[in-house]
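Here's the structure we're looking at; comments come further down.
The values are calculated or read from the model by the stated rules, or taken from the named source; none is laboratory data. On a predicted model such as this, the values are computed, not experimentally measured, just so you know. With ideal geometry, Cβ positions are generated from the backbone for all residues, glycine too; neighbour counts draw on all protein chains shown. With ligands, DNA and RNA removed, areas are computed over all heavy atoms of the protein, side chains included. Shrake-Rupley method; radii C 1.70, N 1.55, O 1.52, S 1.80 Å.
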Amino acid sequence: MADHRAVEPLHHAQEPPHLAGLNPEQYEAVTAPDGPLLVLAGAGTGKTRVLTSRLAHLLVEGRARPGEVLAVTFTNKAAREMNERVEALIRRPVQGLWLGTFHSIGARLLRRHAERIGLEPNFTILDTDDQQRLLKQLLEAAGLDAKKFPARVLSGIIQRWKDRGWTPDQVPASEEGDFALGRGIELYRAYQQRLATLNACDFGDLLLHNLTLFAEHPDVLEAYQRRFRVVLVDEYQDTNVAQYLWLRLLAQHHKNLTCVGDDDQSIYSWRGAEVGNILRFEEDFRGARVVRLERNYRSTGHILGAASGLIAKNESRHPKTLWTEDDPGEPVRVAGLWDDDEEARFVGEELEALQRQGEALASAAVLVRAGFQTRAFEERFIAIGLPYRVVGGPRFYERAEIRDAIAYLRLIRQPDDDLAFERIVNRPRRGLGEATLAQLRREARASERSLVATAATLCGGDALKPKPRKALGDLLAAFERWRGLAETEPAREVAETVLEESGYVAMWQADKSPEAPGRLDNLKELAHAIAEFDTLAGFLEHVSLVMENASDPAGDMVTVMTLHGAKGLEFDTVFLGGWEEGVFPNQRAVDEGGRAALEEERRLAYVGVTRARKRSCVLFAANRRLYGHNWVSSIPSRFVDELPAEHCEFLQRDGFTATRLRSPGLPPKREGDPLARFNSAKIRKGPVIEAVAETVDDRGPEVDVGARVFHPKFGYGRVEGADGDKLDIAFDKAGRKKIMASFVEPAR
């Protein structure tokens, strides 16, 4: 570049370590000339090595001094590892690099120029608890019910606005929604004013204030633009709008920006990531060089072929195809099973077989779309004594909402269970303040009786104020009613009644945080678990045994986790459970996000398949008792249909047979109908479980437009339109959905 001055190289060598062993594409990326560079690094293609080697190369070649380099990662761990690798490659310490996460570098810049935006350099960065405490105060000051409009929900809304780079004055009115009676922007403005008064900011401010600083003080921006001769970014596909704007501003002068990432692994839109940032790179930086890393060093040929064929169905992506010079290995196995219990049993048997072959359990993983799916696997592994760990979250029965629900059930079984009573007495909130609860504890200790017995006595007198006395009395009366119900009704119905009448389900339904839908799913899955027991006593006994079965955290264990949590990890063997429509792709996500959400779900499937080094097994169930309700017939995920046949094998194993559903006798796939080859697959349970592919003659009943129909999951509805075998049905309660004709029947 015109203003590029010569810099003394740090290291001279005939064969620099940072270039040794690179394949041609990696070498091209590492040694690319100055200018905008996008490195599209597919799964397992050596992304981290390329990024660190390029940074080392720029320093070794003297194209920038350490203090002129801005290198951004998404975690502090990644930043430390990059620094260590660079020093190892150039064989000397490196001082002065601006290397860290977006937040850490944003804070560093902000402290240097805090006065420019009305803060002192020693400003405090609030953690999540402090942030929510402050928002709760603001809600109360505004005369809003903090129970109806939780602070954590407001916190999430404000964080999303900050991720978009919006100050209170920039939030579009269309984004406000109905939270807090449409006063969200007003509360955001009050929150920012309060933070300024406290000389504080939250994590979202660390970049938002940078953007304000650069906009209002162009001299500051220009100084950093000239300073940062080189900008490198890892995991570019996971950047949000604020991060994108920040990077683009800082790189505008030299335009010497290297971004490494993979649009096919962009799976975090729910926390602000914008896949469009990486897709738009060549438009943002004209003349950008694009290098594709497609040689994979992790997985076998069949696994890569299956993953590449699947992700090719996405429209919004940079075309790339993973390949390897290694052997093709085992085809991706696809197993159609009777139900989710059979799915868990199958995985357990497979893991035991691998153990007998000398494979370590730690080299295997079970990956699921949603947390509620782990329960069946956990219980099966416990039953057969197979050690496991749940990564990224607690075990199913250790989750807070499950512990709350079980505490209610324990109190029905044992009224003197003080620990259970203390856990749920004010959850959901019933207006019982700490003073009331402290009085209750004192009375219980003095009389040497349980809290429930003491509460009954206090409710019969005037020792308590009227409001808490009524709230406590209503709760005790409810428990008496539920105990009577438990004597006559099935355990599942009792549990569902308790969770509904107590207000516990309503509490989570009213919660607008991102975690709330998952918690509701877990409660429904709990009802599924309870349905397997005749009595509450039997279920509670089972839970006690499960909770006692703790594994040695340092031992050899199979990993159980969600697909989101698995990104960046790899295992020899991966089982991918629950590949059914509605479960994966997730129906709620697709309903809310349309095609963009479906493509992200497909990227998530791609991430799952590519976690496997040697073996990948996709599982779907013909029947799934979702969330404790009646059994429903499940349609195999469209992602199953999109796996290339030449890289897959339908299993034939021990107690069941799964026939290839892609047999030549099937009718051809219809345009726009990714499920056509699966829509009537029947799986029946017997001595042998058999997946029978549909024939041309087995198309289900003829249904006319306008006819009333019944679906086992969605109930009654009217056919509004038809496209081949796919019906557009307006259901009475479930809304409008597209359903295969073979899964409905004429209403009687």
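Among the listed pairs K77/K136; K524/K737; K162/K737, give every one whose C-alpha distance is greater than 28 Å.
Among K77/K136; K524/K737; K162/K737, the Cα-Cα distance tops 28 Å for K77/K136; K162/K737.
Would you list which lysines come within 21 Å of K738, measuring only between C-alpha atoms, while excluding same-chain residues fewer than 8 positions from it?
Hits, sequence-local ones excluded: K313, K669, K682, K713, K726.
Nearest 20 debye, what's the magnitude of the dipole of region 51-140 about its Cα centre given +1 on Lys and Arg Cβ and -1 on Asp and Glu Cβ?
420
Hey, got a sec? Which chymotrypsin sites (Phe, Trp or Tyr not before Pro) in region 108-216 land in a DSSP loop and have at most 16 other Cβ atoms within 10 Å?
Counting only loop positions with at most 16 other Cβ atoms within 10 Å, none of the chymotrypsin sites (Phe, Trp or Tyr not before Pro) in region 108-216 qualifies.
Give the average over all directions of the projected area of the C-alpha convex hull of region 83-212, one decimal, in nm².
Answer in nm², one decimal: 9.5.
Where the centroid of each part is defined by its Cα atoms, how far is region 50-70 from region 244-319 in Å?
22
Can you give me the % of accessible surface on region 204-345 that is carbon or sulfur? Probe 1.4 Å, all protein chains present, nothing else counted.
45
For region 420-451, which GluC sites (Glu not before Pro) pass both filters: DSSP loop (anything but H, G, I, E, B) and at most 14 other C-beta atoms within 10 Å?
Within region 420-451, the qualifying GluC sites (Glu not before Pro) (loop, at most 14 other Cβ atoms within 10 Å) are E448.
About the Cα centre of region 143-260, what is the dipole size in debye to 20, counting +1 per Lys and Arg Cβ and -1 per Asp and Glu Cβ, all else neutral?
Dipole magnitude for region 143-260 comes out near 120 debye.
Given +1 on the Cβ of Lys and Arg, -1 on the Cβ of Asp and Glu, and no further charges, what dipole in debye does region 218-351 carry about its Cα centre, rounded to the nearest 20?
The dipole of region 218-351 has a size of about 1200 debye.
Which one of Q170, G96, I185 has its Cα pushed farthest toward the positive end of the charge dipole of region 85-193, where Lys and Arg give +1 and Asp and Glu give -1 at the Cβ?
Positive-most Cα among the choices belongs to G96.
State in Å² the accessible area per residue of the chain; use a 1.4 Å probe, count heavy atoms of protein chains only, and round to the nearest integer.
Counting only protein heavy atoms, the per-residue value for the chain is 44 Å².
Which is farthest toward the positive dipole end of region 561-644 among N623, G568, F639, measuring Cα position about the Cα centre, with Cβ charges +1 (Lys, Arg) and -1 (Asp, Glu)?
G568
Return the lysines within reach of K614: Cα separation strictly under 19 angstrom, same-chain partners fewer than 8 residues apart disregarded; answer none if there are no such residues.
K567
State whether region 555-636 is rounded, prolate or oblate according to the following rule on the C-alpha gyration tensor (a ≥ b ≥ c being the square roots of its eigenvalues): a/c under 1.5 gives rounded; otherwise a/b larger than b/c gives prolate, and the remaining case gives oblate.
oblate
Rounded to the nearest 500 deg cm²/dmol, what is the calculated helix-only ellipticity per residue at 222 nm for the chain, with -39500 (n - 2.57) per DSSP H run of length n ≥ 4?
When only DSSP H runs of four or more count, the value is -13000 deg cm²/dmol.
Heavy atoms of the protein only, probe of 1.4 Å, neighbouring chains included. What is the accessible area of F533 in Å², nearest 10?
So the heavy atoms of F533 present about 50 Å² to solvent.
Of G204, A141, F346, which is farthest towards the positive pole of the chain's charge dipole, taken about the Cα centre with +1 and -1 on the beta-carbons of Lys, Arg and Asp, Glu respectively?
A141
Run through region 30-133 and list the trypsin sites (Lys or Arg not before Pro) located in a DSSP loop whose Cβ has at most 14 other Cβ atoms within 10 Å.
Counting only loop positions with at most 14 other Cβ atoms within 10 Å, the trypsin sites (Lys or Arg not before Pro) in region 30-133 are R91.
What aspartates and glutamates does K255 reach when the alpha-carbon gap must be under 15 Å and sequence neighbours fewer than 8 apart in one chain are set aside?
Within the straight-line limit of under 15 Å, K255 reaches these aspartates and glutamates: D3, D34, E68, E222, E282, E283, D284.
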